[in-house]
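See below for the structure under consideration.
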Amino acid sequence: MSTEERRKHLVNLLKREGRIRTAAVEQAFLAVPRESFVPLKLRNLAYHDTPLSIEGGQTISAPHMVAIMVEGLDIQKGQTILEVGAGSGYHAAIVSHLLGSTGHVYTVERLSSLAEMARQNLKESGIDNVTVEIGDGSKGLPRHAPYDRIYVTCAAPDIPQPLIDQLKDPGKLMIPVGRVLSELVLLEKRKGGITKRHLCGCAFVPLIGDHGF
């Protein structure tokens, strides 16, 4: 089975499971070569629906979790989005396709080696609407705020207040909360109010920083 066939097979699986629900997300998953964002020794597993280890003790999320997060955020073309935890750049690559050429992703990674890996992976994949920065993502990225959407790819003890402050009104923020077994939480800011909805259980590496673990 070719790489493209395996990618289509994974997308069809995620559609049957109800993880991918919209045509836009389907097209993004078909457009992004996940094998380009995983270590060479693991590329044969690129289209298995499982998280994969990358350097620094971090992981690239399972495709179904990426799908759940991007569908829940209801990403629209032209938005400005903050990602906390760039990893290898795969999640940001999916989001970049949903935003189109007029939108932009700013992603913060605390590990400089991973930030450089993400930059290289994104560049080689022809993606130019993602900016990778090094820093403490638990504090957000104030200089580009406010953001239409914010999502966090690591688990926090609670939702960091700086991220809530940097979210537009209206806006949506998605984050895993909890140390070992986490709960994926969707926070929505609207008309000055905040609502929270628990989507599902999940497992993520911890968010390290002033507002993390």
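State the number of residues belonging to the range 86-113 that are surrounded by 24 or more Cβ atoms within 10 Å (Cβ to Cβ), of a type outside the set (A, V, I, L, M, F, W, C), in contact with a Lys or Arg (Cβ under 9 Å, 6 or more places away or on another chain) and assigned to a loop (DSSP other than H, G, I, E, B).
1
Looking at the range 171-202 only, could you name the residues that are β-branched (Val, Ile, Thr) and crowded, with 19+ Cβ neighbours inside 10 Å?
ILE175, VAL177, VAL185
Within the range 121-178, work out how many residues are part of a loop (DSSP other than H, G, I, E, B), more than 24 Å from PRO33 (Cα to Cα) and touching a helix residue (DSSP H, G or I) at 6+ places or on another chain (Cβ under 7 Å).
Of the residues in that region, 3 qualify.
For the range 11-33, which residues satisfy the criterion of being more than 19 Å from ALA92 (Cβ to Cβ) and in a helix (DSSP H, G or I)?
Those that are more than 19 Å from ALA92 (Cβ to Cβ) and in a helix (DSSP H, G or I): ASN12, LEU13, LYS15, ARG16, ALA23.
State whether the residues of the range 135-149 include one that is buried (at least 20 other Cβ atoms within 10 Å of the Cβ) and either of a type in the set (Lys, Arg) or modelled with pLDDT under 95 (or both).
Yes; the residues of the range 135-149 include at least one that is buried (at least 20 other Cβ atoms within 10 Å of the Cβ) and either of a type in the set (Lys, Arg) or modelled with pLDDT under 95 (or both).
Considering only residues that are in a loop (DSSP other than H, G, I, E, B) and of a type outside the set (A, V, I, L, M, F, W, C), look in the range 34-59 and name the one that is nearest to CYS154 (Cα to Cα).
GLN58
Kindly indicate whether LEU45 is surrounded by fewer than 15 Cβ atoms within 10 Å (Cβ to Cβ), hydrophobic (A, V, I, L, M, F, W, C), in contact with a strand residue (DSSP E or B) (Cβ under 9 Å, 6 or more places away or on another chain) and without any contact (Cβ under 8 Å) to a residue 24 or more places away in the chain.
So LEU45 fits the description; yes.
Do we have any residue at all in the range 120-134 that's basic (Lys, Arg) and in contact (Cβ under 8 Å) with a residue 12 or more places away in the chain?
No, because not a single residue in the range 120-134 is basic (Lys, Arg) and in contact (Cβ under 8 Å) with a residue 12 or more places away in the chain.
Restricted to the range 183-196, and to residues that are under 16 Å from the mean Cα position of the chain (by Cα) and without any contact (Cβ under 8 Å) to a residue 40 or more places away in the chain, which residue is nearest to ARG143 (Cα to Cα)?
Filtering first and then ranking leaves LEU187.
A quick yes/no check of all residues on (1) surrounded by fewer than 21 Cβ atoms within 10 Å (Cβ to Cβ); (2) under 27 Å from ARG110 (Cα atoms):
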{"residue": "LYS8", "(1), (2)": "yes, no"}
{"residue": "THR22", "(1), (2)": "yes, no"}
{"residue": "GLY57", "(1), (2)": "yes, yes"}
{"residue": "ILE60", "(1), (2)": "no, yes"}
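Restricting the search to the range 105-122, which residues are out of contact with any Gly (no Cβ under 9 Å at 6 or more places or on another chain) and not small (Gly, Ala, Ser)?
VAL105, TYR106, GLU116
The values are calculated or read from the model by the stated rules, or taken from the named source; none is laboratory data. Nothing here was measured: the structure is a model prediction, and the numbers come from that model. A quick note on method: Cβ atoms are made from the backbone with ideal geometry, for glycine too, and the neighbour counts reach across all protein chains shown.
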